[in-house]
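Right, one structure below, let's go through it.
The values are calculated or read from the model by the stated rules, or taken from the named source; none is laboratory data. This one's a predicted model, so the numbers in the text were calculated from it and none came from an experiment. Note that each Cβ is placed from the backbone with ideal geometry, even for glycine, and that neighbours are counted across all protein chains shown. Heavy atoms of the whole protein, side chains included, go into the accessibility calculation; ligands, DNA and RNA do not. Shrake-Rupley method; radii C 1.70, N 1.55, O 1.52, S 1.80 Å.
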Amino acid sequence: MISVRCTLLALSLTGRSTVASRQPESVTVLSHVTVIDVVRGIRVPDQDVVLRGARIIAVQGAGTYQLPVGARVITARNRFVIPGLWDMHTHLTDTPWTKAHPGADSTDARARYYFSALLLAAGVTGVRDLSGNLDVLQRWQQVADTARNAPPMPRALATGGKLGKEPVVPGAPFPIRTVADVQTSVRLLREHGASLVKLEAEPEPWIVRAALDACRTQHIRCVSHGTELVSLQELAASGMSSVEHLFWFPENTAVIP
């Protein structure tokens, strides 16, 4: 039996991606499907993938799992199933790529456009949103988690506004003038449910250091771009969770002995 930890699958069954039914008690079986085992880097043919609602409960050789009465069986020979993908850098409340989308000027509509159309269609079931409207993202996530017959949506880890560029949430201090402003911003992000803190593109070194200190205190991860004034070595040594993009990467790495 293959160990499966994800709760949603990106499926290639009808020529497009889809996800399992959200009915909590329904059982669906993808029968005789080939599983792409990304841990071992192999294809595992002729498997049954069993889902109860939106959660995988078994992945076993075809016909070896005792199914409950009334289970829905989808024959999936010559089809493939993979774990849901993650898009690690998104801005879901930004303008959609197509201006033709109705309501493209609405932040709510942009989030829905990405959540319900683009991402799941590409097999993406999780995203990191690295600056955007935290309230809108959380509202859509709550709808996906709780509303009856709501369309499935990807899970989102979000930062809110960029610290140093804008108020990170409504009412947060801005502009950032003191270490206390940084600490308050990080605390407010944590209280508003942010998963990460993101710094503006070119923060002053004291803001970077104060933010990293505050994030350690608040037990929340901090991410940034590469910067001109704080080296990659210092960012890594100080606990920066990730560096997005490669700004100042050549300049930083050229001076490493």
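Just a few scattered comments:
- Single condition residue 65 does not satisfy, out of (1) at pLDDT below 90; (2) within 23 Å of residue 121 (Cα to Cα); (3) of a type in the set (Ser, Thr, Tyr): (2)
- Residues in the stretch 47-95 that are closer than 30 Å to residue 161 by Cβ and touching a residue at least 24 places away in the same chain (Cβ under 8 Å): 84, 85, 86, 87, 88, 89, 90, 91, 92, 93, 94.
- Among the conditions (1) open to solvent by 10 Å² or more (accessible area, probe 1.4 Å); (2) assigned to a helix (DSSP H, G or I), the only one that residue 208 does not satisfy is (1).
- Residues that are surrounded by fewer than 15 Cβ atoms within 10 Å (Cβ to Cβ) and closer than 26 Å to residue 155 by Cα, drawn from the stretch 44-59: 55, 57
- Among the residues of the stretch 242-249, at least one is of a type in the set (Phe, Trp, Tyr), over 14 Å from residue 131 (Cα atoms) and either touching a residue at least 60 places away in the same chain (Cβ under 8 Å) or not in a loop (DSSP other than H, G, I, E, B) (or both).
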